[in-house]
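For reference, the structure is listed below as structure tokens.
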Amino acid sequence: MANNCESCEHYDYDEDYGEYVCKIDMDEDEYLQFITNKRNACPYYKYYDEYKSVQKQN
């Protein structure tokens, strides 16, 4: 697992906030663990491969 949000599939631009945010719906306990960095890696990290969708089109 990794902590690089910029390469995560769930890290997306939110027009309401005007910035990139994590789109995972976490409960309060999960969010608290995430912001206090009690976990070594994000359990929701999923590498975003933009070429995956292109491969399916071919």
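The values are calculated or read from the model by the stated rules, or taken from the named source; none is laboratory data. Because the structure is predicted, anything quoted here is derived from the model rather than measured. Positions of Cβ are generated from backbone atoms using ideal geometry, with glycine treated the same way; all protein chains shown enter the neighbour counts.
For the reader, a short list of remarks on this structure follows.
- Residue list for segment 4-20, filter: surrounded by 12 or more Cβ atoms within 10 Å (Cβ to Cβ) and either out of contact with any helix residue (DSSP H, G or I) (no Cβ under 9 Å at 6 or more places or on another chain) or among the charged types (D, E, K, R) (or both): Cys5, Ser7, Cys8, Glu9, His10
- Residue pairs whose Cβ atoms lie under 8 Å apart, separated by 6 or more positions or on different chains, with the first residue in segment 7-25 and of a type in the set (S, T, N, Q) and the second surrounded by 12 or more Cβ atoms within 10 Å (Cβ to Cβ), are Ser7/Tyr48.
Conditions (1) in a loop (DSSP other than H, G, I, E, B); (2) at pLDDT 90 or above; (3) more than 15 Å from the chain's Cα centre (by Cα), marked per residue:
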site: Tyr13; (1), (2), (3): no, yes, no
site: Ala41; (1), (2), (3): yes, no, no
site: Tyr44; (1), (2), (3): yes, no, no
site: Lys52; (1), (2), (3): no, no, yes
site: Gln55; (1), (2), (3): no, no, yes
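- Among the residues of this structure, Tyr31 does not count as one that is among the aromatic types (Phe, Trp, Tyr) and at pLDDT 85 or above.
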